[in-house]
Amino acid sequence: MTAFGLAWRTARRYRARAVLAVVGVAVIGALNFDMLMLSNGLLISFADLVNSTGYDIRIAGSAGLLARQPIDNAAALMTQIAALPEVASVAMMRTATAAVIRPNRPADGVELIGSSDPAGLGIWRSLTGSNLDGQVGPAGDPSLAPAVIARPMADRLKLAPGSTFNIRVRISGSLSAMPAIPLRVVGIADFPFESQDSFLVATTMEGFRRAHGGVMNDQAEFMFAQSRPSAGPDAAVAAIAKLRQDLRVFSNEQVVANFGRNAFTYFRQISVVLSTTTGAFSFLLVATLLTVSVNQRLGEVAALRALGIARRRIAATLLWEAALLVGIGGLFALPLGELLAMVLDRILRRMPGLPAGLHFFVFERQSLVLHAAVLVATAVVASIYPVWLAVRLPIAQTLRQEVVS
Amino acid sequence: MRVLTLLAVLAATLGAAAPAGPPDILVSRQLLAKAHLAVGDLVTLAGDSSGARARQFRIAGVYEPTPDPMKFNIERIEARLHLDDLLGLAADPADPASADTVSMINVALPNVSDPSGASSFSRSLSARTPFIYSTPTRDSENSTFLVIDRFHTAIAAVTVIGSTAFLLALMVIRAEERKETVGVLRLIGISRQTIMIEVVVEGLLVAIAGAAFGVLIAAGAQSAVNRFFQARYDTAVVFMRISPAIAMRSIAVAIPVGVVAGAVASWTLLRRGASALVRR
């Protein structure tokens, strides 16, 4: 009989303890797998989100992406950027705090976005209806600016494509009050960069200007550019940055790297701590069970040795036992880990202000490989002491003790 | 260019400014170290990155920023100015209203102990002023920590399930080991109930001892974890604190785990007859 066969029979003979060990490894392995997914999940998710917009360069004011300091002389800058040979297209975005005004109802605060790109710079998805260049009204009423609104807002205010609503912007740092203007809903979409329950209204730059009473300063919160494939994003970033000193220009790769350095580092650190802890826990579990099991079977092992079974085969049997417990537990850990990751992700995504498209637990091949490596290491390390016990067993003395006891 | 977060505080914080010379400011410990400044130095601050309308200030002191878990990974490069000085620095001369603009107003209600009073005041203010967002400080930023608390609780629940399986396996092995002894005990008249209580108590003791040992390890690790993260992020935030309530909770969780493990282990022994237990 092979060492594997012997290990399998041992596991079947001591079924209860084998099942419990497999359950323990599966549960702890699932947590370990989740922590490995968490370590890079946010970065992968954020990179997916950023790369899905169709633009590979982000341009912000001198304070960077987070401070939202506006870019001055935006129209001239747009023209300059569009003329660069490294750039294929450029678009700008403006944002303002606004309120939806309904008769006899309290105003609902919204974020108003003005976009020079009718497709919204890739900031919305799963569109119902059309983009900002879609049909505005049955008769194409030019007085109504088009709007793509967030799904939670559409659900709460009972708006659908074709509905009209009034919006009034707030003029920051001023006591002025703007009159409300009507907007017509052309599309309802998910905004993955905003929190799940955000009220958002995206309109054209013309709609945004009208909301500001037809008078608007020449600024932009962000600009997005797409590099030409022949030039690549790095060359385009360098070319745009040369245009003006007060710009901060980032490729998507730089944005993701910056996010990796500054955002949610707590979760990456806790994932390292917990994956180490769970690895140690799995080792303890398997090592303890195997050691206790070998101690219980010392007579059996001594008898096998007395029958002429080589030390190496005894060691291989114990190694196979560890591999069976850890391997089967580790396999069960994968679906269990996916299930647990869904639960944990749902909990964490309730964090206020978190972009709706961001996920904490993202499956990647590297996590799977690391998970397998941790389990293999656990099985090998956990079996060292029991193997040492078994192969150094004094055969005659052990058999005698067994008979006497 | 480095962005300075300018926090306005009331004049009372700094005391009366010197009648002559530049006004006083306080700088954070981090800013003092990073910019190689010293108390008494003169510094120039401007409200925008171009350095327009810059003014000189004298560093009157240094402060440790209030530990804020929401900002633990942000470098606290901050300075505190008298509100008048900040408004003078940040106001736009082209917009007279900007000198009368503040970012936030803190309101103290007469009855601080009544949490519903803050909520109703907040609702009332929000209803009357559409662009003013008000929230009770008791609830502000709490939801983030509630989410993190739930996340940690979920992880703790999973580890408890894993630990239960571990303890169960150990107890089952122990029960198997003592099969013959238990058979003999049964044969000499010891009741099933007594044996069951013995195994359950053993499981309970192992679980409670394990939990107590875990609390000791956590208490020992507490200072190392805090020191590491406080040095890593240059903050005074306390990341880990083993309170008596947490220690008691972890020991309380161990009790049902021990009872279940002991009960299952005793069942594996007692479901068989005494003769089956002693049979070789």
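Counting DSSP beta bridges in chain B, what percent are antiparallel, to the nearest 5? It would help to have the intermediate numbers written out before the result.
Details: 6 of 16 bridges.
Of the beta bridges lying entirely in chain B, close to 40 percent run antiparallel.
Assuming R0 = 45 Å, what is the FRET efficiency of residue B:144 and residue A:298, from their Cβ-Cβ distance, to the nearest 0.05?
Once rounded, the FRET efficiency stands at 0.25.
Please sort B:112-123, B:228-239, A:293-304 by packing, taking for each peptide the average over its residues of neighbouring beta carbons within 10 angstrom, highest first.
A:293-304, B:228-239, B:112-123
Let me confirm one metric for peptide A:22-33, namely the mean number of other chain beta-carbon atoms within 10 Å of its residues' beta-carbons.
Details: counts 2, 7, 10, 3, 3, 9, 7, 1, 3, 6, 1, 0.
What the average comes to for A:22-33 is 4.
Tell me which residues come under 5 Å, amide H to amide H, from residue A:88 once H is placed; ignore anything under 5 positions away on its chain.
Residues meeting the criterion, in which the H sits 1.01 Å from N, are A:226, A:227, A:228.
When a/c is below 1.5 the answer is rounded, else prolate if a/b is larger than b/c, else oblate, so apply that to the protein assembly as shown with a ≥ b ≥ c taken from the square roots of the Cα gyration tensor eigenvalues.
Prolate, because a/c is 1.5 or more and a/b exceeds b/c.
Using only atoms on other chains, find how many Cβ atoms lie within 10 Å of each Cβ of peptide A:335-347 and report the average. Write out the running numbers ahead of the final one.
Details: counts 0, 1, 0, 0, 0, 3, 0, 0, 4, 5, 1, 2, 10.
Counting other chains' Cβ atoms within 10 Å and averaging over A:335-347 gives 2.
Gaussian network model of chain A, Cα springs within a sub-10 Å range: biggest mean-square fluctuation belongs to which of A:83, A:21, A:180?
A:83
What list do you get for A:10, A:317, A:128 if you sort them by fewest beta carbons within 10 Å?
Details: A:10 18, A:317 26, A:128 14.
Sorted ascending by nearby Cβ count, the order is A:128, A:10, A:317.
Quick query: amide H of residue A:110 versus all other amide H atoms, modeled in the peptide plane; which residues come in under 5 Å with a sequence gap of 5 or more or a different chain?
A:98, A:99, A:100
Which aspartates and glutamates does residue A:242 reach when only Cα atoms under 12 Å apart count, and residues fewer than 8 places away in its own chain are ignored?
none
Please give the length that would be gained between residue B:68 and residue B:248 if that part of the chain were fully extended, namely 0.36 nm times their separation in residues minus their C-alpha to C-alpha distance (nm, one decimal).
62.1 nm
Other chains near B:72-82: what is the mean number of their Cβ atoms within 10 Å of each residue's Cβ? Can you show the working numbers first?
On the way: counts 2, 7, 2, 1, 0, 0, 0, 0, 0, 0, 0.
Taking the mean over all residues of the peptide, I get 1.
Classify region A:164-250 as rounded, prolate or oblate, taking a ≥ b ≥ c as the square roots of the eigenvalues of its Cα gyration tensor: rounded when a/c is under 1.5, otherwise prolate if a/b is larger than b/c and oblate if not. Please report the intermediate quantities before stating the final value.
On the way: a/c = 2.57, a/b = 1.66, b/c = 1.55.
Prolate shape, in that a/c is at least 1.5 and a/b is the bigger ratio.
Between residue A:269 and residue A:51, what FRET efficiency follows from the Cβ-Cβ distance if R0 is 22 Å, with the result rounded to 0.05?
0.30
Which of the aspartates and glutamates could a cross-linker span from residue B:34 if the Cα-Cα distance has to be under 16 Å and same-chain partners fewer than 8 positions apart are dropped?
Cα-Cα hits under 16 Å: B:64, B:75, B:78, B:234.
Could you line up A:282, A:45 from fewest to most neighbouring Cβ atoms inside 10 Å?
Least to most surrounded, the residues fall as A:45, A:282.
For each of A:8, A:388, count neighbouring Cβ atoms within 10 Å of the residue's Cβ, then give the residues from fewest to most.
With the fewest neighbours first, A:8, A:388 line up as A:388, A:8.
So how far apart, in nm, are the two label points at residue B:156 and residue B:98 if each is 7 Å from Cα heading toward Cβ?
Label at residue B:156, label at residue B:98, 5.0 nm between them.
Compute a Gaussian network model of chain A, connecting alpha carbons closer than 10 Å, and tell me which residue from A:305, A:209, A:392 fluctuates the most.
Comparing A:305, A:209, A:392 in a Gaussian network model of chain A, the most mobile one is A:392.
Work out the FRET efficiency for residue B:236 and residue B:48 from their Cβ-Cβ distance, taking R0 = 51 Å, and round it to the nearest 0.05.
Efficiency at R0 = 51 Å is approximately 0.95.
From the Cα gyration tensor of region B:142-278, with a ≥ b ≥ c the square roots of its eigenvalues, which class applies: rounded if a/c is under 1.5, or else prolate if a/b is larger than b/c, or else oblate?
Judged from the Cα gyration tensor, region B:142-278 comes out prolate (a/c at least 1.5, a/b above b/c).
Quickly work out the residue A:384-to-residue A:217 label distance, labels modelled 7 Å from Cα along the C-beta direction, and quote it in nm with one decimal.
6.6 nm
Simple spin-label model, 7 Å along Cα-to-Cβ: residue B:225 to residue B:34 in nm?
Spacing of the two 7 Å Cα→Cβ label points: 2.8 nm.
Quick note: the coordinates plus some simple rules give every number you see, no bench work behind them. Predicted, not measured: the structure shown is a model, and the values here were computed from it. FYI the Cβ positions are ideal-geometry reconstructions off the backbone, even for glycines, and counts take in every protein chain you see.
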